[in-house]
Each structure stands twice: as C-alpha cells, then as structure tokens.
Amino acid sequence: MDGADIRFPHLGIEIEQLGKGITIGGFTIAFYGMIIAFGMIMGYLVAAFQAGRMGQDKETYLDLALWDIVFAVIGARIYYVVFSWDYYRANPLQILNIRGGGLAIYGGVIGGVIATWVFARVRKLSFWQLADTACAGLLTGQIIGRWGNFCNREAFGGYTDTLFAMQIKESDVSAGNLNQQLMDHIVQVDGVDYIQVHPTFLYESLWNLALLVIILLFTRYRKYDGQLFQIYLLGYGLGRFWIEGLRTDQLILFGTGLPVSQVLSAALAAVILVLMLVKRFRRGQSQDH
C-alpha cells in the first residue's frame with residue numbers, strides 16, 4: 001500500500017494523491033508555476049478592485065502589474081541565488097534555471113517595490129498612492145502562492161505534534177529540507193515513512209489573509225498616502241519573523257548563522273513601526289496648532 005501523500009493526523013485529513021505537475025506532450029507544467037500565475041492574476045484583480053474603491057484608474061494597475069511581475073520574478077531569483085551562493089558558485093549554469101526551483105518572496109517584494117517606484121517616476125504618479133493600492137494585490141498573490149509550496153512539499157517547519165501537524169512522505173521531500181530532528185521523529189503509517197512538520201506555508205497564508213482583511217477594512221479610514229503600505233510591511237514583517245524561525249529551509253545571512261529573512265523581517269518591522277509612530281506624532285502636533 002502506497003499510503004496517502006500528505007496527512008493531517010489530528011484533523012483527520014488525508015490527501016491520497018497530490019502530484020507536483022501535469023505532463024502535456026512530454027512537457028511538464030509544475031503546479032507551483034500554475035499557482036503562482038493564478039496568484040498574479042488574482043493579485044491584479046484585487047489591486048484593480050482597490051483602485052476603484054479609492055477613485056483611481058484601474059487601467060493604471062494593469063500596466064503596473066506587468067512591470068511588477070517581471071521585476072518581482074527577477075528580484076526573487078537574485079535574492080535566492082545571492083543567499084545560496086555556495087551552490088551557485090559551483091554550478092553557475094543553474095542560475096538561470098528557474099524551473100529547477102529557487103524563488104524567494106522577499107526578493108520578489110523588493111523587486112516589485114523598485115518597479116513601482118520606477119513606474120511612478122515614469123508616469124509622474126505618487127509612489128505611495130500606488131503602493132497603498134497595490135499592496136492588497138501583493139498580499140493576495142502571497143496568500144495563493146504559498147500553496148505552490150504545499151504542492152512541492154517545501155517551506156515547512158520542524159517537528160511538531162500540535163493540532164495542525166502535517167505528515168509528508170519522506171521520499172517526497174528534498175534531502176536539503178530534512179534535519180536530524182525530523183529524522184528522529186519519523187512516523188510510520190502502513191509501512192510508509194513520514195516526517196511530521198509545522199505547515200508553515202499554511203501559517204503564512206492564513207496570516208496574510210488576516211492582514212489582507214485588515215487592510216481592506218482600514219482602507220476607508222486611511223489618513224495619508226503610504227499608510228496601508230506601512231501596515232502591510234509591519235504586519236508581514238511580524239508574521240514572517242515568527243514563521244521563518246520555524247522553517248527548516250532557511251537562507252542564511254553570510255557569516256552569522258542567522259536566517260536572512262528573519263533578520264530582514266525584524267529590521268523591517270522595527271523601522272516601519274518607528275516611521276508610523278513619528279508620523280502619528282507629527283500629525284498630532286500639527287492638529288494641536
């Protein structure tokens with residue numbers, strides 16, 4: 001008996017067969033790529049919805065989406081390659097092999113922000129207004145995109161036996177994502193070995209969903225351009241700091257042994273919190289006068 005591909009034992013959920021892609025005419029299309037593409041489309045639609053709520057031209061965000069998608073993919077790849085340089089230095093021909101895996105969401109966010117800033121300069125538009133509107137779309141893409149990690153059996157955390165514990169066939173997992181703790185807690189079901197992990201992809205997807213709801217509800221109460229984008233950066237930074245600490249496939253900051261995304265998340269959240277407090281203080285002073 002082959003056993004279920006993925007199990008959530010404490011929730012009574014078993015997924016018997018979960019492929020990683022479909023093959024058409026000898027060419028395999030990964031579910032990961034399909035999910036990312038769907039996330040991009042939905043992200044644009046949510047950004048266009050936000051533009052309508054905020055009295056902006058929806059077509060502007062279709063143009064912006066084309067810029068952001070290209071720059072985001074490039075940024076996500078560069079970020080991953082830079083912080084996995086030991087491997088790519090020895091295998092330089094793999095740098096452009098995106099089909100082999102290796103996109104980091106923080107790099108995508110950085111690339112998208114740069115693209116939005118350039119777009120704003122070219123079109124003579126407010127960067128902060130664009131960022132306020134587009135961040136809801138970005139979050140939507142992140143919510144959906146994390147399920148690509150589910151299909152790939154990646155972006156999971158260490159061993160856990162909590163309610164949401166997820167069991168994955170050991171044979172389906174890349175050896176680089178396994179650590180001794182996981183191997184020490186192998187679970188055997190019907191003769192099949194499973195690792196039991198934190199489903200961190202699920203945690204981040206749900207965290208981002210909650211953050212998206214907050215941003216959509218707060219939109220009508222925003223006081224200045226850039227406020228929604230700051231809420232996004234603060235909220236995402238806090239969530240990612242917690243979640244990144246659970247993962248087994250962290251990219252490490254050179255010479256520190258620290259997860260680069262966790263360090264970046266903490267710094268981002270701290271800087272944005274200070275900026276928001278300064279902005280609030282200055283607005284309070286101006287109202288007093």
Exercise for the section: Looking only at segment 239-253, decide whether some residue is in contact with a helix residue (DSSP H, G or I) (Cβ under 6 Å, 6 or more places away or on another chain), under 15 Å from Phe150 (Cβ atoms) and of a type in the set (Asp, Glu). Expected result: yes
(message) For the structure I just gave you, tell me whether Leu125 is over 18 Å from Gly43 (Cα atoms), modelled with pLDDT of 95 or more and not basic (Lys, Arg).
(response) yes
Val113 vs (1) under 26 Å from Lys223 (Cα atoms); (2) crowded, with 18+ Cβ neighbours inside 10 Å; (3) touching a residue at least 24 places away in the same chain (Cβ under 8 Å): all pass except (3)
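The values are calculated or read from the model by the stated rules, or taken from the named source; none is laboratory data. Quick caveat: nothing in here was measured; it's all calculated off a predicted structure. Positions of Cβ are generated from backbone atoms using ideal geometry, with glycine treated the same way; all protein chains shown enter the neighbour counts.
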